[in-house]
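Input: a single structure, listed below in structure tokens.
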Amino acid sequence: PTLHLFLSLLVSHRAGMSMASLSCFFPTFLTSAESSSHVPVTFTPSSPWMDALWEALLTFGTMLAVLVILDSQRRQTLLASCVPKFRLQRIHRSPSTTSSSSDDERRDAPLEDQASPLISERAPLSLCHHSVEEGKTKDVLLSIRRHALQKCYSEALATYDRTDGCIGNEGGNIWSMLLECAVQASEFNRCEKFFEKIRASSAPSDRDFLNMVCFFAEGQDATGLLQLLSEVASSGCKVSGLILNRALASCTSKNALHLAEILIEKHSSCSMSAMDVVGFNTLMLGYARTGSTAACIRVLDRMQTVGVAPSETTFGILINACIRAKEYDLAKYAFKQIRSFGLTPNVVHCTTMMKGFLRIQHLDEAVALFEEMLKSETMKPDLITFEMIIRALSSAGSTDKAVEILQEMKSSGFRPNEHLFNVVLKSCSMKRVKAKKIFDVLGRLGNWGPRSWNGTACILMKALTATMPCEAAIDALLTAPQFIELLPKASVYVELAHYCANAGRGPETIKVYHAMARSVLCGDIWADQNTNEKLYSSCASVGQEAEAALIFQRLENSRSAADTKVRSA
């Protein structure tokens, strides 16, 4: 029963196993079955699994392979069992042989003798030649289909190249599959040949229509597309709305907008579905990529003419096209028109409009729109919106407003990153801000985010030196509790020393090195040899080499002692 079930499964799932794998697996299965049950597997017409076996052999075209692999006794028994059951025509002997024996003698002979011509040196090949050729074709088709389903389009075409001529016009939809593989692999030189094969075997489908549109769009071939549409109209091929939209998308992606216009103009006369909002949006997006806002407006007018209502996506494409083309007044007009069509602006519309306001430095209008979004239930700001307005305010030096919106961002469930914190801190250097306020901003930011930020020390120094001498700024920074609490890493001292060295301030640079040494010796921070060398190099570059060498040696001795203590423990 297990063998019967297994062979039935093979037949029902024949696409999953090739001729070679079945012919190799079948004898192994017989051996395993005999060793586990201690009963030889016999080939008799009454065997309950004989039907499944023979169907599997014919399905896979593996008769010859199985006969060759089986031993001679089993081979004879298998053929003898199959001959009466399926009425196989025996293969006649040569004229000299057949003339010496009558039909009556052959008819009365035992089954094994009747089947013996089938297992002669030439008989198996003659008997199974058609099945083997059929099996080879099926293997090729299965291999192509498997590669295509796995999106290995080049491999599918390579398989076809190795077996060219094996597939005839009766190949069915395999030519459609090869056409799609050629399009997906960008081997467009094959498309016309495959399409001719499709014409010869059956009527082209809407999928074939789509692939040929891709081919014509690649070559910007309007004449070829018109011929294809004429053929579609005469054949009665039904092209669905989805296929039409994908064809439009193919034309717009390849900047073949004139072909997209031909599709829209001729679609009603070619048994195609009516144009919907997705198709018009696709066409508008293509014109938006070219920066033609006038063409986008024409598409919107055409939609109203044919009775297709625009969607939120339609206005999103239109507004973005206007902003990219720097036609801000037109963008404002399109934004106001959203509600006139019974639609509600969403966060994408508002964020796009804010981008336009910020490009023309209308910060007040951007902030007003942002505050309107905060009050709305349908267009709440997202992460992109928050970051955009915070960066704009920080660049304008509006530190208080930027901190306020940063706090609102935190309350809305978004987590600011260290880069955004540094952007807000930079706003302190845009205008002369007192040190107290700078450290107040640093403290407030520290309560909302990570405890250490890259590049923050240099930003703080730039902000402090805008209101006080560099030496005073170093003292204020190294003694501020916010700085010590939030930025305890040794890398911060490296940044600070680098900033002072670039400014040519030797005393301040060595002061930073001393401050780091105190923190290391007190156990507040850890500095490896690489960090120590960077501080020494910064000090040496501004003439503080002698004093820096003493600090360097002191820190190296401390680190060696600590390593020795750890090894001893």
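Things worth noting here:
- When Glu418, Glu155 are compared by accessible area at a 1.4 angstrom probe, the order from most to least is Glu155, Glu418.
- In this simple spin-label model, placing a label point 7 Å from the Cα along the Cα-to-Cβ direction at both Arg518 and Lys462 gives a separation of 2.8 nm.
- Inverting the pair-averaged 1/r between distinct Cα atoms of region 367-420 gives 11.3 Å as its Kirkwood hydrodynamic radius.
- Taking 0.36 nm per residue of separation and subtracting the Cα-Cα distance, full extension of the segment from Glu556 to Ser376 would add 58.8 nm.
- Counted over all Cα-Cα pairs of region 173-230, pairs farther apart than 12 Å make up 60 percent.
- Net +/- balance of residues flanking Lys534 in space, Cβ distance below 12 Å, scoring K and R +1, D and E -1: -3
- For region 350-447, a simple Cβ point-charge model (Lys and Arg +1, Asp and Glu -1, everything else neutral) yields a dipole of about 520 debye relative to the Cα centre.
- Ellipsoid semi-axes in whole angstrom, largest first, where each is sqrt(5λ) of the Cα gyration tensor of region 377-478: 26, 13, 10
- Gyration tensor over the Cα atoms of region 476-569: the corresponding equivalent ellipsoid has semi-axes (square roots of 5 times the eigenvalues, largest first) of 23, 17, 9 Å.
- All lysines inside 23 Å of Lys410 as judged from Cα atoms, apart from same-chain residues fewer than 8 positions distant: Lys355, Lys375, Lys380, Lys401, Lys426, Lys437
- Contact order for region 380-465, expressed relative to its length and based on alpha carbon pairs under 8 Å spaced 6+ residues apart, stands at 31 percent.
- For the pair Asn255 and Gln361, label points projected 7 Å from Cα toward Cβ lie 3.3 nm apart.
- Based on Cα contacts under 8 Å between residues 6+ apart, region 177-281 shows a relative contact order of 26 percent.
- In nm, spacing of pseudo-spin labels at Lys326 and Ala549 (7 Å Cα→C-beta vector): 5.9 nm
- Its residue count N sets the reference 2.2 N^0.38 Å, and the alpha-carbon radius of gyration of region 295-448 equals 1.22 times that reference.
- Just the protein heavy atoms count here, and of the accessible area of region 207-268 at 1.4 Å, carbon and sulfur take up 52 percent.
- Estimated FRET transfer efficiency (Thr564, Ser491; beta-carbon r; R0 35 Å; 0.05): 0.85
- Leading residue at positive end of dipole, region 339-494 (Cβ point charges), from Phe414, Gln361, Thr465: Thr465
- Rounded if a/c under 1.5, otherwise prolate or oblate - region 262-311, Cα gyration tensor axes: prolate
- Global geometry of region 312-384, whether rounded, prolate or oblate, following the gyration tensor of its Cα atoms and the 1.5 cut on a/c: oblate
The values are calculated or read from the model by the stated rules, or taken from the named source; none is laboratory data. Bear in mind that the values here come from a model prediction, so they are computed numbers and not experimental data. Cβ coordinates were reconstructed from backbone atoms using ideal geometry, including for glycine residues, and neighbour counts include every protein chain displayed. SASA here: full protein model, heavy atoms, side chains in, ligands and nucleic acids out. Shrake-Rupley method; radii C 1.70, N 1.55, O 1.52, S 1.80 Å.
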